[in-house]
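One structure below.
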Amino acid sequence: MRFFINIKFPHKPFNAAVRDGTVGTKLKRILDAIKPESVYFTNQNGQRSAIMVIDAPDASKIPALAEPWLLIFEADVEFHTALTQEDLMEAGLDEIGKKWS
């Protein structure tokens, strides 16, 4: 199952890691363990953030994907399912629409 993971870093823990020179090592350690398909660093509402695409075999992997961010950076982590065009075509939307119309 593919997920978008939205990570928002609080200023204080992230700034501390920048100041003590460990931010790069910490980020690399997490990313090497998680192995995202892609990751983009950006900002959201003035807060440092990252958006990752992950392909996980099932939802039981969510804690292992979230905990490093929570424990190391005290980050807020959100998971959003991401369907490909093929996934959406296989969802049976036409039948669902007929059933619930």
*If you go through the range 50-61, how many residues are over 16 Å from residue 32 (Cα atoms) and either among the aliphatic types (A, V, I, L, M) or within 10 Å of the chain's Cα centre (by Cα) (or both)?*
1
*asked:* If I ask for residues that are of a type outside the set (D, E, K, R) and part of a loop (DSSP other than H, G, I, E, B), which ones from the range 53-81 would you list?
replied: 56, 57, 75
_Condition check for residue 86: in a helix (DSSP H, G or I), more than 22 Å from residue 8 (Cα to Cα) and not hydroxyl-bearing (Ser, Thr, Tyr)_ = yes
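Each reported figure results from applying straightforward, stated rules to the coordinates on display, with no laboratory input. As the structure is a computational prediction, the values presented were derived from the model and not from experiment.
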